[in-house]
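Below you'll find the structure, written out as structure tokens, and then a few comments.
The values are calculated or read from the model by the stated rules, or taken from the named source; none is laboratory data. These numbers come from a predicted model, not from an experiment. Cβ placement follows ideal geometry from the backbone for every residue including glycine, while neighbour counts extend to all protein chains displayed. The accessibility values were calculated without ligands, DNA or RNA, using every heavy atom of the protein model including side chains. Shrake-Rupley method; radii C 1.70, N 1.55, O 1.52, S 1.80 Å.
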Amino acid sequence: MNTILKINGKTYTVQAASEMPLLWTIRDIIGLTGTKFGCGVGQCGACSVLIDGKLSKSCSVTTSFASEKEIITIEGTLDNLELLRKAWQEANVPQCGFCQSGQLIAATSLLNNIKNPSDEDIDDVMSANICRCGTYSRIKKAIKMVAEPKKDTP
Ligand code: FES
Ligand code: FES
């Protein structure tokens, strides 16, 4: 069946079974391969995207659920995502890189909701994203590099 998906400001009409995981549609039909397939069961965060601003695991929602909603993937542009990309480079965060698009989307969601997160806020959100390379301390540093300049802003 035809489904309308709005991804990173573009509208796509896709033919996909309504129960197909959104991740499959994003990667295999639309070809946006920045969103990664890790566990496939909602446990690792590699497939994270924003759906109507909400942090979501695209392996665990259906394509029909996402119909007509605003989806942002790692290929998208949002202010915090752009700032985090730069901080990720400056802090030299990635190792193998496989989990990092999900990590960046989760960090974007965190900073969209909490301008200056505490360590606990960061741990709360980012603990849903697994990195087998153990880049957690550099991820936290990069998030703080973006958050800290905002401390003095009203
Ligand atoms: S692939 Fe979706 S949470 Fe792991
Ligand atoms: S950088 Fe390798 S899994 Fe996270």
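Among the residues in the stretch 21-28, are any among the acidic types (Asp, Glu) and in contact (Cβ under 8 Å) with a residue 24 or more places away in the chain?
No, that holds for no residue.
Taking the stretch 88-104, which residues are open to solvent by less than 20 Å² (accessible area, probe 1.4 Å) and within 16 Å of GLU148 (Cα to Cα)?
Across the stretch 88-104, the qualifying residues are TRP88, ALA91.
Checking the condition within 16 Å of ligand 2 (Cβ to nearest atom) and of a type outside the set (A, V, I, L, M), which residue from GLY76, GLY102 passes?
None of the other options fit; the residue is GLY102.
I'd like the full set of residues that are touching a residue at least 24 places away in the same chain (Cβ under 8 Å), within 15 Å of the chain's Cα centre (by Cα) and open to solvent by 20 Å² or more (accessible area, probe 1.4 Å), limited to the stretch 105-131.
Listed by number, the residues that qualify are ASN112, VAL125, ALA128, ILE130.
Identify, by number, the condition in (1) within 16 Å of ligand 2 (Cβ to nearest atom); (2) under 27 Å from ASP28 (Cα atoms); (3) open to solvent by 50 Å² or more (accessible area, probe 1.4 Å) that SER137 doesn't meet.
(2)
Tell me the strands (runs of 3 or more DSSP E) entirely within the stretch 47-154 that contain at least 1 residues that are in contact with a helix residue (DSSP H, G or I) (Cβ under 7 Å, 6 or more places away or on another chain).
Because the criterion is at least 1 residues that are in contact with a helix residue (DSSP H, G or I) (Cβ under 7 Å, 6 or more places away or on another chain), the strands (runs of 3 or more DSSP E) in the stretch 47-154 that meet it are 48-51, 54-57.
THR77 versus (1) surrounded by fewer than 14 Cβ atoms within 10 Å (Cβ to Cβ); (2) under 22 Å from VAL41 (Cβ atoms); (3) in contact (Cβ under 8 Å) with a residue 60 or more places away in the chain: which is the lone unmet condition?
For THR77, the exception is condition (2).
For the stretch 39-67, enumerate the residues that are within 11 Å of ligand 1 (Cβ to nearest atom) and open to solvent by less than 40 Å² (accessible area, probe 1.4 Å).
If the condition is that a residue be within 11 Å of ligand 1 (Cβ to nearest atom) and open to solvent by less than 40 Å² (accessible area, probe 1.4 Å), then GLY40, GLY42, CYS44, GLY45, ALA46, CYS47, SER48, VAL49, SER56, SER58, CYS59, VAL61 are the ones that fit.
Taking LYS151, is it away from ligand 2 (no atom under 16 Å from the Cβ), exposed (fewer than 15 other Cβ atoms within 10 Å of the Cβ), at pLDDT below 95 and among the charged types (D, E, K, R)?
yes
Exactly one condition in (1) open to solvent by 50 Å² or more (accessible area, probe 1.4 Å); (2) within 16 Å of ligand 1 (Cβ to nearest atom); (3) not acidic (Asp, Glu) is not met by ARG85; state its number.
Failing condition for ARG85: (2).
Look through the stretch 20-38, keep the residues that are open to solvent by less than 20 Å² (accessible area, probe 1.4 Å) and in a loop (DSSP other than H, G, I, E, B), and return whichever of them is nearest to MET1 (Cα to Cα).
The selected residue is THR35.
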